[in-house]
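Starting off with a structure, shown below.
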Amino acid sequence: MAKIERAEVFIASPGRNFVTLRITTSDGVTGLGDATLNGRELAVASYLRDHVVPLLVGRDPDRIEDMWQYLYRGAYWRRGPVTMTAIAAVDTALWDIKGKIAGQPVYQLLGGRCRDGVMVYGHASGADVPALIDDVARFRDQGFKAIRAQAAVPEIGGSYGVRKGSVYEPAATSLPDEQPWSTEAYLDFAPTYLEAVRDRFGFDFHLLHDIHHRLTPIEAARFGKSVEECRLFWMEDPTPAENQDAFRLIRQHTTTPVAVGEALSSIWDVQHLITEQLIDYVRTTVVHAGGITHLRRIFDLAALYQVRTGSHGATDLSPVTLAAAVHVDLSVPNFGIQEWMPHVRETMEVFRSTVSYSDGMLDVAEVPGLGVEYDEKAAERFPYDPRYLPVARRLDGSVHDW
Ligand code: GCO
Ligand code: MG
C-alpha cells in the first residue's frame, strides 16, 4: 500500500500571493491543493506546516473521507476560514492523487459529466458608465454568456469591483488601502448603470452584480426591488451573512435572486440560508470550504432546496482551485454558474493548467487528476509579497463592511 511520503507548502507571488500544498506518495504520485486565504496567507501556511503536515506522513492517501474527518474532528477547534482552507488543501491534493492513480480526470470519480461545459461569468467594470458599457461590449465579443457589471460611484471616487489596468486585484497594497463609502450615493447610482447596460445590449445574456456586503437588509431589499426590470441573474452578498434571518426580509420585498457564500467555509455556515430558502445560489468554493469532499456535501444539500451553485472564482483562488471547481461543476446536477477571472501570465507560468475557455464556457482536458502541475523552479522567481485587502470607511470616518 502506498503511503504519504511528503507534504510541502509553497508560498509564492507570481502576479499575486498563492499558498500551495503538494503531497507526494511513496509511489511517487503527486497531488496539489490550493491553500490561499487572501491577506492571511501565512496563517494557513503555518497551520499546514506546523500542525497538519506532521499528521500526514505515513497515512493512506486513498482514504480521503477519513482524512477529512480526522483533520476536522481531530482538531477539536472547528470551522473558520483558516482551518477549512488548510483541510481543503489536503483534500484537493488527495483527489488529484486518486485521479492520477485511477488514470481518470477527477470529475469521472465524482460521477462523470452532467454537462458539456461550465458557464462562467466575466467581470466588466468601468471608471464611469461609458467605460463600463465598452467593457461589457468587450466581454460580449469574447463570447461570455454572463457578465458581472460594476462601475465607480462618482461621489466617492471609486467603489468596490472596478479594475485598474487589465486585472482586478483588490489586495494591492502592503498595508490596507482605506477607501471611502457612501451607501446613499451607491443606491442612487448603481441601478442607473445596470439599466444603461440593459438599454444598450438587451437581455440575451445574464447580468450579475456584486454588492459586497455593503447594505443593510432593508437597503438591500430596496436595491433588489429597484433593479427588477434589469432581470439580474443575481445580486451577490447584498448584506453581511452573519445574521442570516436578515435575508428573509430581503426575500419579502424582491424577486431579484440572491447569491451568498464566498466568505463562508462550511456546510453549517450555509445550512440555514439553504434550508430556509433564503438564497438562490451558494458561492462556497473548493479552497475556502473544506475541499472537494465538503463542497460536494454543501452542493448536495443545496440541491434538495433548489439552490444552485455559483462558486467564487476571483484571481486570489489559484489555478488549482479553478481546475478543482470545474471538475465539481461538471459533475453536480444543480450547477448554476462559475465565476472566472483569468490569471495573469506569471501565475500561469507557475501553475500549468489544462483548464480552457471557449465561447463562454470552461472545460478541463481528459487527463488524470485535476490537470494542473506546479513549477517549483518558476515559482522561485516570485517571492512572497505581503498584501492586504482594503478597508472601507463611511464619509464620517467610521469603518464599513468592505
Ligand atoms: C468576487 C469577490 C472578490 C473578493 C476577493 C476577496 O465576487 O469575486 O467578491 O473579488 O473580494 O476574492 O479576496
Ligand atoms: Mg463577491
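The values are calculated or read from the model by the stated rules, or taken from the named source; none is laboratory data. This structure is a prediction, so every number in the text was calculated from the model and none was measured. Counting neighbours? That spans all protein chains shown, and the Cβs are built from the backbone with ideal geometry, glycine included. Accessible surface areas use protein heavy atoms only, side chains included; no ligands, DNA or RNA. Shrake-Rupley method; radii C 1.70, N 1.55, O 1.52, S 1.80 Å.
Give me P(r) over the range 4-105, computed from all C-alpha to C-alpha distances, binned every 5 Å, as integer percentages.
In order of increasing distance, the bins hold 3, 14, 26, 25, 18, 10, 4, 0 percent.
Tally Lys/Arg at +1 and Asp/Glu at -1 over every other residue whose Cβ is under 14 Å from the Cβ of Val136; what's the total?
0
Another question about this same structure. Rg over Rh of the range 153-255, using C-alpha atoms and the Kirkwood radius, what does it come to?
0.98
Now a separate question. Would you mind pulling out the separation of the Cα centroids of the range 373-402 and the range 293-362, in Å?
The distance from the Cα centre of the range 373-402 to that of the range 293-362 comes to 21 Å.
Under 5 Å between amide hydrogens, which residues at least 5 positions from Glu169 or on another chain qualify, with H placed 1.01 Å from N in the peptide plane?
Lys164
Of all accessible surface on the range 109-367 at a 1.4 Å probe, what whole percent is carbon and sulfur?
On the range 109-367, the fraction of accessible area on carbon and sulfur atoms equals 51 percent.
Which of the peptides 236-243, 141-148, 13-20 is most tightly packed, and how do the rest follow, judged by the mean count of other Cβ atoms within 10 Å per residue?
Taking the mean over residues of other Cβ atoms within 10 Å, the ranking is 13-20, 236-243, 141-148.
Before I look further, what does the chain give for accessible area per residue, probe 1.4 Å, in whole square angstrom?
Ligands and nucleic acids excluded, the figure is 40 Å² per residue.
Could you go through the range 102-109 in sequence order and give the Karplus-derived ³J(HN,Hα) for each residue, using 6.51 cos²θ - 1.76 cosθ + 1.60 with θ = phi - 60°, rounded to whole Hz, and x for Gly and Pro?
So the J values, rounded to whole Hz, are 6, x, 10, x, 4, 4, 5, 6.
Can you give the calculated 222 nm mean residue ellipticity of the chain, where each DSSP H run of n ≥ 4 adds -39,500 (n - 2.57) and the sum is split over every residue, rounded to the nearest 500 deg cm²/dmol?
My calculation for the chain gives -10500 deg cm²/dmol from helical runs alone.
Kindly write out, for the range 250-267 in residue order, the coupling ³J(HN,Hα) from the Karplus curve 6.51 cos²θ - 1.76 cosθ + 1.60 (θ = phi - 60°), rounded to whole Hz, with x marking Gly and Pro.
Values per residue, Gly and Pro as x: 4, 4, 5, 10, 9, 9, 5, x, 10, 10, 8, x, 5, 9, 9, 10, 8, 5 Hz.
Can I ask one more? For the range 295-370, what is the largest minus smallest coordinate of the Cα atoms on each principal axis, given in angstrom and ordered from greatest to least?
Its Cα atoms span 41, 25, 24 Å along the three principal axes.
Would you please classify the overall shape of the range 340-402 from the alpha carbon gyration tensor, given that a ≥ b ≥ c denote the square roots of the eigenvalues, rounded means a/c under 1.5, and beyond that prolate means a/b larger than b/c while oblate covers the rest?
It comes out oblate by the Cα gyration axes.
Moving on. Hey, could you grab the Kirkwood Rh for the chain? Inverse mean 1/r over distinct alpha carbon pairs, Å, one decimal.
21.4
First select every other residue whose beta carbon is under 12 angstrom from the beta carbon of Gly80; then total the charges, Lys and Arg +1, Asp and Glu -1.
+2
From the phi angles alone, apply the Karplus equation (6.51, -1.76, 1.60; θ = phi - 60°) to the range 41-48 and give each ³J(HN,Hα) in whole Hz, x where the residue is Gly or Pro.
4, 6, 5, 6, 4, 5, 3, 6
While we're here: In a shell of Cβ-Cβ distance under 12 Å around Pro170, excluding Pro170 itself, what net charge do Lys and Arg (+1) and Asp and Glu (-1) give?
0
If I stretch the segment between Arg63 and Glu349 completely, what's the gain in nm (0.36 nm per residue apart, minus their alpha carbon distance), one decimal?
99.8 nm
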